[in-house]
Structure formats: structure tokens, C-alpha cells
Amino acid sequence: MVVGVDLTGIESAQSKKEKSELFKNQKEKTINDLSKLEIENWETILKTPDTNLKIYIESMKKRVHDLTSADEIHLLKGIENRLKYIFTALEKVKNPKENLDENTKRTISEYPDKIQADIYSCFVFLEEFESIKSGFNSIIQDPLKNTIKDVEQELNEFRRLRNISDNARTEDIYNEAVAKYRALEVQYRDYFYYSIVTVFGVATYLFLFKSAIQFMWGLENIEFWIFKFSILAVGITLITYFLKQSTHYQRLADQNYQTQVELQAYPSFMESIPTAEAASVRKELALKYFGREIDGAAHKDMSNLISDQMKSTTEMVKAATDVLKVKEKP
């Protein structure tokens with residue numbers, strides 16, 4: 001048997017995990033680079049250092065730290081590229097090479113102002129991003145979350161109603177089975193009561209009219225008692241059979257009623273099951289309700305009952321005959 005595996009879901013999960021790991025690493029690197037900038041001695045590097053420069057850097061560290069979505073890695077990469085340029089410029093300002101031409105010296109002399117401007121532009125960029133993100137969440141995302149929540153509730157209600165509709169036919173089948181087995185239970189229970197009355201009536205009749213019956217049918221005492229014991233044995237067998245059948249159908253009715261009730265509760269039960277686990281739960285329930293083997297114990301017990309009853313009847317008649325023969329001897 002070949003088992004199919006959904007590789008798409010696995011690959012998607014792996015890709016998501018890798019993306020999250022890359023974002024985490026990039027975030028840590030950006031924070032570390034900003035920390036390096038924070039400890040620079042800007043008074044010796046810049047011509048006219050901004051007194052708020054370290055505040056800008058500290059604010060950028062906090063905003064980078066607050067980033068949570070792996071999709072924001074592109075923002076971090078953009079900041080990181082700008083930081084690379086700043087570190088390169090810092091290196092040239094702090095450790096200038098000798099014998100540089102005038103154009104290069106003039107370019108390097110402009111680096112401190114550019115470094116300061118780049119730090120400020122990164123600060124403004126992160127500030128604007130945070131403002132836009134906050135506005136997006138308040139204007140679009142929050143109402144969208146409420147809408148999604150309403151849609152999910154409607155979807156769950158639709159699924160519940162669909163499950164009820166899908167189960168309706170199955171419930172009807174079990175309901176018909178319950179009605180059928182209840183009717184058979186009552187029928188055999190009535191047979192049980194009738195047979196008790198009948199056997200008692202026959203036994204009373206044979207007791208009261210023993211002489212008349214013997215005279216009418218020409219029966220000897222031995223023959224009469226054999227006849228009486230045989231009727232009683234058959235009657236007892238029927239009584240036991242009807243009682244067993246009534247109990248058997250009562251059990252079947254109870255089982256089908258229990259299944260019917262569980263199926264009625266199924267839609268509400270499935271609402272609490274996550275969608276990812278719903279398929280396996282349905283499979284387990286299907287194995288529970290369908291494809292079960294028929295319990296043959298009741299039929300086996302009935303066959304054993306009749307066989308044992310016939311043996312007992314034969315032995316009882318034989319014993320009664322022997323006793324009556326002994327009594328009839330002069």
C-alpha cells in the first residue's frame with residue numbers, strides 16, 4: 001500500500017522556519033551594529049555633532065527590537081546596507097590614508113556630515129515605518145481582524161449546520177432501527193407473558209381434568225404424565241426463548257439509540273476540534289460506528305438453550321417414566 005505524503009505543507013513549514021531564523025539573525029546583527037555606533041566618540045569625529053545623535057541611535061535600537069514579523073527582514077536589510085556605508089565612512093575618517101589627492105581628501109572631509117545625515121535618515125525612516133504600521137493596524141488590520149472573526153463564526157455555524165444536514169439521513173437510519181427493535185422487543189415480551197399464562201392454564205387444565213382426558217384419549221397414567229411433562233417442557237422452552245429474544249432486541253434498540261444520540265451531538269462536538277485534526281477524528285468515529293462485526297453470542301446462546309432444554313426434557317421424561325413404572329408394579 002502506498003501512502004501519499006503532502007510535501008507542500010512540509011516544505012512550507014520548513015521555509016517559514018528558515019525565514020524566521022534569518023529574520024532573527026538579521027535583527028540581532030542590526031542591533032549589534034547600532035550598539036557599536038552608540039559607543040563612538042562623535043565629538044572627535046564630527047565637526048558639529050548633533051546633541052541628539054545618541055538618542056536617535058538608541059531609538060533605532062528600540063524600534064528594531066520591537067520588530068516581530070519575518071516579512072520585515074527587508075527593512076532590516078535596508079538599514080544594514082546603510083550602516084555598512086556609515087562604518088566604511090567612519091573607518092576612512094578615523095584612519096585616513098597618507099598621500100591622498102586633493103579630491104579624495106575633500107570627499108573624505110565631507111563624510112562626517114554625510115554620516116550624521118545618514119544616521120538621522122535611518123532614524124526618520126524607522127520612525128515613519130512605525131507610524132505607517134500603526135496607522136495601518138488601526139485603520140485596516142483591527143477592523144479586518146473583527147471581520148475575520150465574524151467570518152470564522154459564520155463559517156463554524158455553517159459547518160455545524162452542514163454536519164447536521166449530512167448526519168440527518170444517518171440519524172434516520174438509526175431511528176428506524178430503534179423503532180424496529182423496540183417493536184420486536186415488545187412483541188417478544190408479549191409472547192413471553194402469553195406463554196406463561198398459556199403454560200399455567202394448560203397445566204391447571206391437565207391437573208383438574210386428568211381423569212376425563214385419560215378416559216377420552218385412552219391414556220394410561222404413564223402415558224398421561226409423559227404427555228404432561230412434554231407439554232410443560234415445550235412451554236418452558238418457549239417462555240425462555242421469548243424472554244431471550246425480547247432481551248436481545250432490547251439491547252439492540254439501546255445500542256442504536258445510543259449511536260443516534262451520539263450522532264446528534266456530533267456537529268457540536270466537531271466544532272471544538274481543530275480543522276487539522278478533524279479528518280483523523282472522523283476516521284476514528286467511522287471505524288467505531290461502521291463495519292463492526294455482528295455479535296453472534298445471542299444466537300449461540302439461543303442454540304445452546306434449545307439444545308440443553310431438549311436434553312433436559314428427554315431426561316426428565318425418561319426419569320418420570322421410570323418412576324411411574326415402578327409405582328405401577330404390583
Problem - Boolean, ILE226 is touching a Leu at 6+ places or on another chain (Cβ under 6 Å) and open to solvent by less than 60 Å² (accessible area, probe 1.4 Å) - result: no
Completion exercise
Screening ILE213, ILE231 for residues that are without any contact (Cβ under 8 Å) to a residue 24 or more places away in the chain and open to solvent by less than 70 Å² (accessible area, probe 1.4 Å) leaves only ILE213
Fill in the blank from the handout: Across (1) in contact with a Ser or Thr (Cβ under 7 Å, 6 or more places away or on another chain); (2) open to solvent by 30 Å² or more (accessible area, probe 1.4 Å); (3) closer than 30 Å to LEU285 by Cβ, LEU238 clears everything bar (3)
Practice task
Scan the stretch 258-265 and give yes if some residue there is part of a helix (DSSP H, G or I) and over 30 Å from GLU152 (Cα atoms), otherwise no.
Solution key: yes
Handout entry: Some residue of the stretch 58-79 being more than 48 Å from the chain's Cα centre (by Cα), under 13 Å from ILE119 (Cα atoms) and modelled with pLDDT of 85 or more
Key = yes
Handout entry: Given (1) over 24 Å from VAL197 (Cα atoms); (2) modelled with pLDDT of 65 or more, number of the condition LEU243 does not satisfy
Key = (1)
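Does PHE123 fit the bill of being open to solvent by less than 90 Å² (accessible area, probe 1.4 Å), within 30 Å of GLU58 (Cα to Cα) and either at pLDDT 75 or above or more than 41 Å from the chain's Cα centre (by Cα) (or both)?
In short, yes.
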Handout entry: Hey, ILE86 open to solvent by 90 Å² or more (accessible area, probe 1.4 Å), free of Cβ contacts under 8 Å to residues at least 60 places away in the same chain and β-branched (Val, Ile, Thr) or not
Key = no
Exercise for the section: Return yes when LEU53 is open to solvent by less than 100 Å² (accessible area, probe 1.4 Å), over 43 Å from the mean Cα position of the chain (by Cα) and modelled with pLDDT under 80 and no when it is not. Expected result: yes
Problem - Hits in the stretch 134-193 - residues which are over 31 Å from the mean Cα position of the chain (by Cα), over 30 Å from GLN250 (Cβ atoms) and modelled with pLDDT of 75 or more - result: SER134, GLY135
Completion exercise
Within the stretch 56-70, of all residues that are assigned to a helix (DSSP H, G or I) and open to solvent by 70 Å² or more (accessible area, probe 1.4 Å), the one farthest from ASN25 (Cα to Cα) is GLU58
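The values are calculated or read from the model by the stated rules, or taken from the named source; none is laboratory data. This one's a predicted model, so the numbers in the text were calculated from it and none came from an experiment. With ideal geometry, Cβ positions are generated from the backbone for all residues, glycine too; neighbour counts draw on all protein chains shown. Just the protein is used for accessible areas: all its heavy atoms, side chains included, with ligands, DNA and RNA removed. Shrake-Rupley method; radii C 1.70, N 1.55, O 1.52, S 1.80 Å.
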